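Presented below is the structure to which this report refers.
Just so you know, all these numbers are worked out from the coordinates, no wet-lab data involved. None of these values were measured; they are calculated from a predicted model. Reconstructed Cβ throughout: ideal geometry from the backbone, glycine too, with neighbour counts over all protein chains shown.
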Amino acid sequence: MAAAAIPAVSRFAWAEGYPTKPVRWIVPFPAGGGTDIVARLIGQWLSERFGQPFVIENRPGAGTNIGTEAVVRAPPDGYTLLLVASVNAINATLYDKLSFNFIRDIAPVASIMRQPLIMLVNPALPVKTVPEFIAYAKANPGKINMASAGNGTSQHVSGELFKIMAGIDMVHVPYRGTAPALTDLLGGQVQVYFATPGPSIEYVRVGKLRALAVTTAARWETLPDLPTVGDFLPGFEASLVYGLGAPKNTPAEIIDRLNKEINAGLAEPGIKARLADLDGAALAGTPADFAKLIAEETEKWGKVIRAANIKLQ
């Protein structure tokens, strides 16, 4: 019995000393964006708590798949981590021939933040509520242009989910990012866009765009009077979720230590306020909670992608 206990004790002791060198945290997005800022915020917290640098490495490309694969192929020793985002759940179905299986090959460590999308319309559209929008769309099938930041993005699949649940027909117009999509929404070339709050909220405040609802299950603190889409389409929910992952077979003791320290950070008023500045809310939980969330998101967006026949272009 004593001999059998030695490996477990050794692993625990090794994990207790973790980390003994800098930790590489791969962010599969360009530097300077919201995901990068979230990783640097939490990375700084972990550096202070563990006494070792958590070095952010931006590895964008192929819709986050390049950076994700780098972590999948890394040794499962806790020294290479991944900034997980909703796009990982979308890509599981969107890409036909990935060299990895995200749910199988990435171990969930901790969720970090949830961010809403806002259903925005051009003010020239004669609607002020979600029910009015649905009624107008049904009366004008195929005459509403729906912008997105690109095929298969969170903005796109959220709009497709809305179309399915509302039973309406809209024409999808993909753009190369948020900025051109907002430009054409402001100009009236497209009529609706499920947008991230940061780049669009000021246009709402000055009346250049009209916000109909947020896509999260609960109302958003920044615009508390704005209803949720789910208030009118029960069960509708779409949001951007960020968290931390590690290669499969990373020791549970290391995952648990990282999870504990991230949750401690998310409880700190300063970090919660900084996440709120990024239009997000702290999303604490266990590794099992994050695993369940990833599985649910993968299943939901997989159904939408198949139903809407979304293909990469």
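Quick notes
- Within straight-line cross-link reach of Lys138, lysines at Cα separation under 16 Å, skipping those fewer than 8 residues along the same chain: Lys128, Lys163
- Projected-area mean, the chain, by convex hull of Cα positions, square nanometres: 16.9 nm²
- Sorting the segments 243-254, 130-141 by their mean number of nearby beta carbons within 10 angstrom, highest to lowest, gives 243-254, 130-141.
- Distance in nm between pseudo-label sites at Asp231 and Asp169 (7 Å out along the Cβ direction from Cα): 3.0 nm
- Modelled spin labels at Arg73 and Thr20, positioned 7 Å past Cα toward Cβ, are 2.7 nm from each other.
- Inter-centroid distance (Cα atoms) of the range 283-307 relative to the range 207-263, Å: 11 Å
- Nearest 10 degrees, 0 to 90: helix 252-266 Cα axis against the chain principal axis: 50 degrees
- If the chain linking Gln52 and Lys292 were pulled fully straight, counting 0.36 nm for each residue of separation and taking away their Cα-Cα distance, it would gain 83.4 nm.
- Helix 178-187 and the longest principal axis of the C-alpha atoms of the chain enclose an angle of approximately 10°.
- For Arg40 and Thr222, the FRET efficiency from 1/(1 + (r/R0)^6), where r spans their Cβ atoms and R0 equals 22 Å, is about 0.50.
- Amide H contacts under 5 Å for Leu209, placed H, 5+ residues apart: Val204
- GNM remark for the chain: springs join alpha carbons under 10 Å apart, and the peak mean-square fluctuation among Ile262, Ile106, Ile37 falls on Ile37.
- The HN-Hα couplings worked out from phi for the range 27-33 by the Karplus form 6.51 cos²θ - 1.76 cosθ + 1.60 (θ = phi - 60°) are 10, x, 9, x, 5, x, x Hz, whole numbers, x standing for Gly and Pro.
- Debye, to nearest 20: dipole size of the range 128-187, +1 on Lys, Arg Cβ, -1 on Asp, Glu Cβ: 40 debye
- Calculated mean residue ellipticity, 222 nm, the chain: -14000 deg cm²/dmol, from DSSP H runs (n ≥ 4) at -39500 (n - 2.57) each, averaged per residue and rounded to 500.
- Taking 25 Å as the straight-line reach from the Cα of Lys260, the lysines in range (excluding those fewer than 8 positions away in the same chain) are Lys21, Lys248, Lys272, Lys292.
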